[in-house]
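This is the structure I have questions about; it appears just below.
The values are calculated or read from the model by the stated rules, or taken from the named source; none is laboratory data. Here the structure is a predicted model, which means the values were calculated and not measured. Every residue, glycine among them, receives a Cβ derived from its backbone with ideal geometry; neighbour counts consider all protein chains shown.
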Amino acid sequence: MTNVLGTMSLVLVAIVALSGVDTFLARTERLENRAEADRLAAAGRGAKPIDAVADFKAAIAIERENPDYWLALGQAQLAAGQLADAEGTLTELLRRDSTAGAVNLALARVLVKEGRITDAVSAYHRAIYGHWDRDAETNRTSVRFELVNLLAQQGSKEELLAELLPLLDVAPDDLELRERLGHLFLAAGSAQRAGEIFRDILHKNPQDADAYAGLGEAEFARGSYQAAHQDFQTAENLRPSDMGIRGRLELTSEVLTLDPTRRGLGPEEQYRRSVNMVELASAAVARCSSGVSAVEEEVQKAMTKRVGPAGLSAASESNLNLAEQLWKIRMQECKQGPSAEEEALRLVLARIAQ
């Protein structure tokens, strides 16, 4: 009996020992596999996109449940131009967790490349409101800026404005970011908010030429050409070599010089400017159409008519109506849009029509 018990004890000890060896070997194999998968993933992160795709696929073959490898594979497929494969990879990953912020962001970028903008916007929203493993607020702000840049490129003003509003109070002391935000509000058609942002920047940094130029653009968009001229002038004084600022200053000067409705002008100057507008509008039509012949008699009359002091106001009004008529002919019959030399005329007529 004693021998039997001893034998059984030895067998149990052997079983336990073998089990421990198996467990050790299995753990060692798992560690080795994980190390190999990590090595492949690390190689993929430093490789060209097409090679990275192969590396991440190999890593996934070893560690199928690692979501980081799947995300990296989708990103590599996007970089390699394998859009359908990238979408499939990321969609499969989202089946496991539809609220993953980083995965939705990667999918949004794939959809943009595919030209599916509406779907991409939805994916960006899921990324913004999804969960992030680290730096959640920073990532959400970054994603929203990426989305607003996309909407700005698409010219979606209402959608752009809706996405910009949550960013109004972001990083108030980051002046570079605030200037970027101001220009985005301009693109969204919100010149007033843009102006407020640029004024706040100038309150903190009165020598910021970019902020003065941005404020000039905000005033220009609102039709406040005198204020815009002053802002552009200050911006040019701070940065005389900037040809972009100079160009905007010159255009604003043209508008102010051309506008017959500008405050402070006497009847004679208003009339002189109205005649000039008829001349410019007639020349604009003549450059690309014969449509001016339909109103040629009226044009000649406006250009040569002698008007006494009592009739200046009525004549000015008649000339402006004729200029507007000519501009409509030019826009209807000429295929090309307004040229640079016609821009001041277009702006003045647009202001008068308001």
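Condition test on residue 253, is it in the same structural domain as residue 347 (by TED's automatic domain parsing) and not acidic (Asp, Glu)?
The answer is no for residue 253.
Just to confirm my filter: which helices (runs of 4 or more DSSP H) fall fully inside segment 240-342 and include at least 3 residues that are crowded, with 18+ Cβ neighbours inside 10 Å and among the hydrophobic types (A, V, I, L, M, F, W, C)?
243-258, 267-286, 312-333
With the checklist (1) at pLDDT 85 or above; (2) farther than 24 Å from residue 223 by Cβ in hand, flag the one item residue 323 doesn't pass.
Only one criterion in (1) at pLDDT 85 or above; (2) farther than 24 Å from residue 223 by Cβ is unmet by residue 323, namely (2).
With respect to the numbered conditions (1) at pLDDT below 85; (2) surrounded by fewer than 18 Cβ atoms within 10 Å (Cβ to Cβ), which one is the sole condition not fulfilled by residue 40?
For residue 40, the exception is condition (2).
Can you tell me which residue is nearest to residue 210 (Cα to Cα) among those in segment 128-176 that are of a type in the set (Val, Ile, Thr) and more than 10 Å from the chain's Cα centre (by Cα)?
170
Now a separate question. If the Cβ limit is 6 Å and pairs must be 6+ apart or interchain, which residue in segment 164-191 that is in the same structural domain as residue 202 (by TED's automatic domain parsing) pairs with which residue that is of a type in the set (Lys, Arg) and assigned to a helix (DSSP H, G or I)?
Qualifying pairs under 6 Å: 185/193; 188/157; 189/157.
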